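J.: This structure is in structure tokens; I'll ask about it shortly.
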Amino acid sequence: MHPPEEPEGPASRRARLELRCRALGAVREFFSQSGFLEVQTPVRCPAPIPELHIDPIPADGWFLLPSPEVYMKRLLAAGYEKIFQISPVFRRGEVGRLHHPEFTLLEWYRLDADYTALQEDCEGLLRFVCKAVGLVGEWPHRGNRVAVEGSWGRLTVREAFSRFAGWEPSANPDQDRFDIDMVEKVEPNLGRPTPCFLLDYPASQASLARLKPEDPAVAERFELYWNGIELANGFSELTDPAEQRKRLEDALAAKRAAGGVTHPLPEAFLQSLATLPPCAGIALGIDRLVMLLTNADAIDQVTAFSPGE
Amino acid sequence: MGTVLTAGELRKGLKLEMDGEPYLVVDFEFSKPGKGQALYRCRLRNMITGIQFDRTYRSGDKFNAADMEEQEMEYLYRAGDKFCFMNTSSYEQIEVPEAQVGDAANFLTENLKVEMLLFEGRPIGIDLPNFVELRVMKADPGIKGDTASGATKPVTMETGLVLNVPLFIEEGEMLKLDTRTGAYVERVKG
């Protein structure tokens, strides 16, 4: 007699994949109830939006998109008021406990709204999804307790760095030190037990975001953290075509200097900004959300297959 | 110089050379904060001193892979504070200082084959077989009347190692020892 074998590979992830399926259903129901239109845009495009630290994956002369943003904003410019999309996205070289080079992103956008509306959406969405999958009170994640009910934290980047890293980043724009302290000192403290918004990033770190009118040293950009994990990045969109072109040209030049993947500027996207009203948009990592809902340590545990499996 | 590695190739278990010393990556995590740069967070252990520390690397950073090899060696003899081994493939002899041999000295007997870890040709570690056989050099007779099960007495082995064994063990006997725990396993008939 052999003892029953422990399931391996995809079979070992069944319970988590079942919860993932229910969570995705709940996401669609939430947005549908809130009057959003689900859209599908191409995953491959000739000219993605250049970002210094995100490399797209070349595909037959075009690129697999690191985010559907380039198409989503063109839909906004065409008059679609509330849209969302759940799509596979691709980022070269990102492999780790929280990263796959191909992962699932939920993006949503609102016309005539700013980043505060997106923060309300986040709270509503996560509460709705947790309820739908039967998570109430507190539950464990990686040795900590997490919860969705109760008040969510709100910290500005300035406050968080002063508190956890002992310096103030908008006064010293040291990007290198910012990234390292963010990872080592700030992130691990954020979003416990309930999620937390980290608000108002230094202007230099928000290439596609609008500057805060009352404090132009920072941009209206936020990240959502839960148990130290970065879950979403949202902002009030920059809608000034000339300013956007300049920022993208700078990003492309910096990428070229750093030896990253380069490509043409997304001209159709830049032109569409001319008719784009004020709006806000956000991207949320579905895999990481499922990790938090299923007490998973690594992204490998919540996807049917890992890269190369 | 060994192979040059980039930060993107860092993995748990990788061995790096820095400032002439070998380091093992004992823990590794890829991080990418928000729209920021890729960061490679490592816990490194100096393979000679055993000292551990954390360090974060950026995508542009480059490393030399540590030039490490494992080689089977046969222990020959001890001369003062040097232990002499022979490479079983090249028959070359190598002298290893006592400090480098460490606790392995307790189990080394003539002609014992061990795996030696070499960094740039220099020995930095000795992997013993899990079990070795050593002769008892000195043992007091068991105390009469003390028959409580599990009772032990200290004996001195041919290498100088002192350990506790059952009372019935006598001088001159061969014992099988577990090198991982240093414990007595059984008496070897012979």
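J.: Does region A:1-130 come out rounded, prolate or oblate, given a ≥ b ≥ c as the square roots of the eigenvalues of its C-alpha gyration tensor, rounded meaning a/c under 1.5 and, failing that, prolate meaning a/b above b/c?
T.: Oblate.
J.: Below 11 angstrom from the Cβ of A:GLU220, what's the summed charge of the other residues (Lys, Arg +1; Asp, Glu -1)?
T.: -2
J.: What distance in nm separates the simple spin-label points at A:SER32 and B:GLN93, each placed 7 Å from Cα in the Cβ direction?
T.: Taking the simple label geometry, A:SER32 and B:GLN93 are separated by 8.4 nm.
J.: Here's another thing I want to ask about it. Return the sequence-ordered ³J(HN,Hα) values of region A:287-292 in whole Hz as given by the Karplus equation 6.51 cos²θ - 1.76 cosθ + 1.60 applied to θ = phi - 60°, using x for Gly and Pro.
T.: 4, 5, 4, 5, 4, 5
J.: Still on this structure, I have one more. What area, in nm² and to one decimal, does the C-alpha convex hull of chain A cast on average over all directions?
T.: Result: 17.6 nm².
J.: Still on this model: Tally the DSSP beta bridges in chain A and give the antiparallel ones as a percent, rounded to 5.
T.: For chain A, the DSSP antiparallel bridge percentage is about 90.
J.: Distance from a point 7 Å along Cα→Cβ of B:GLU72 to each backbone N in region B:105-128: keep the residues under 11 Å and list them by number.
T.: B:113-115
J.: Also, quick follow-up: Sort region A:196-278 into rounded, prolate or oblate with this rule: let a ≥ b ≥ c be the square roots of the eigenvalues of the Cα gyration tensor; rounded if a/c is under 1.5, and if a/c is not under 1.5, prolate when a/b is larger than b/c, oblate otherwise.
T.: oblate
J.: Taking every pair of Cα atoms in region A:109-219, average 1/r, invert it to obtain the Kirkwood radius, and report Rg/Rh to two decimals.
T.: Here the Rg-to-Rh quotient is 1.01.
J.: Here's another thing I want to ask about it. Using the beta-carbon distance between B:ARG122 and A:SER204 and R0 = 45 Å, what value does 1/(1 + (r/R0)^6) give for FRET efficiency, to the nearest 0.05?
T.: Computed FRET efficiency for B:ARG122 and A:SER204 comes out at 0.40.
J.: So what does B:GLU92 come to for accessible area, using a 1.4 Å probe and Å² rounded to 10?
T.: 120
J.: Extending each Cα 7 Å along its Cβ direction at B:ASN46 and B:GLU133, get the distance between those two points in nm, one decimal.
T.: Result for the modelled spin labels: 4.1 nm.
J.: Moving on. Around B:LEU5, which amide H atoms from residues at least 5 apart in sequence, or from another chain, sit under 5 Å from its own amide H, with H modelled in the peptide plane?
T.: B:PHE63, B:ASN64, B:ALA65
J.: Long-range amide H contacts for B:GLU158: which residues qualify at under 5 Å (H placed 1.01 Å from N, peptide plane, sequence gap of 5 or more or a different chain)?
T.: Those lying under 5 Å, H to H, from B:GLU158 are B:ARG135, B:MET137.
J.: Can you compute the FRET efficiency between A:ALA59 and A:ALA274 using 1/(1 + (r/R0)^6), with r the Cβ-Cβ distance and R0 = 25 Å? Round to the nearest 0.05.
T.: 0.30
J.: For chain B, what class follows from the C-alpha gyration tensor (a ≥ b ≥ c being the square roots of its eigenvalues): rounded when a/c is under 1.5, otherwise prolate if a/b is larger than b/c, else oblate?
T.: It is prolate, given that a/c is not under 1.5 and a/b is the larger ratio.
J.: Give me a comma-separated list of calculated 3J(HN,Hα) values for region B:92-106, in order, Karplus coefficients 6.51, -1.76, 1.60 applied at θ = phi - 60°, integers in Hz, x for any Gly or Pro.
T.: For region B:92-106, the Karplus curve yields 6, 9, 9, 9, 10, x, 3, 4, 6, 5, x, 5, 4, 4, 5 Hz.
J.: Could you report chain A's accessible area per residue, 1.4 Å probe, as an integer in Å²?
T.: About 44 Å² of surface per residue is accessible.
J.: Give me, ordered by chain and number, the residues 5 or more places off B:ILE126 or on other chains with an amide H under 5 Å from its own placed amide H.
T.: The answer is B:LEU117.
J.: Starting from the 7 Å offset along Cα-to-Cβ, what nm value, one decimal, do you get for the label separation of B:ASP103 and A:ARG97?
T.: 2.9
J.: Applying 1/(1 + (r/R0)^6) with R0 = 22 Å to the Cβ-Cβ distance of B:MET18 and A:ARG177, what FRET efficiency is obtained, to the nearest 0.05?
T.: 0.50
J.: Compute, for A:THR41, the solvent-accessible surface of its heavy atoms (probe 1.4 Å) with the complete set of protein chains present, and express it in square angstrom to the nearest 10.
T.: Its heavy atoms expose roughly 30 Å² to the probe.
J.: Hey, another quick one. Please report the net charge: other residues with Cβ closer than 9 Å to the Cβ of B:VAL188, K and R +1, D and E -1.
T.: For residues surrounding B:VAL188, the net value is 0.
J.: Any chance you could give the angle, 0 to 90 degrees and rounded to 10, that helix A:14-33 forms with the longest Cα principal axis of chain A?
T.: With both axes taken from Cα atoms, the answer is about 50 degrees.
The values are calculated or read from the model by the stated rules, or taken from the named source; none is laboratory data. It should be emphasised that the depicted structure is a prediction, and the values quoted were computed from it without experimental measurement. Here Cβ is always computed from backbone atoms with ideal geometry, including for glycine, and neighbour counts include all displayed protein chains. Side chains are part of the model used for accessible areas, which takes the heavy atoms of the whole protein and leaves out ligands, DNA and RNA. Shrake-Rupley method; radii C 1.70, N 1.55, O 1.52, S 1.80 Å.
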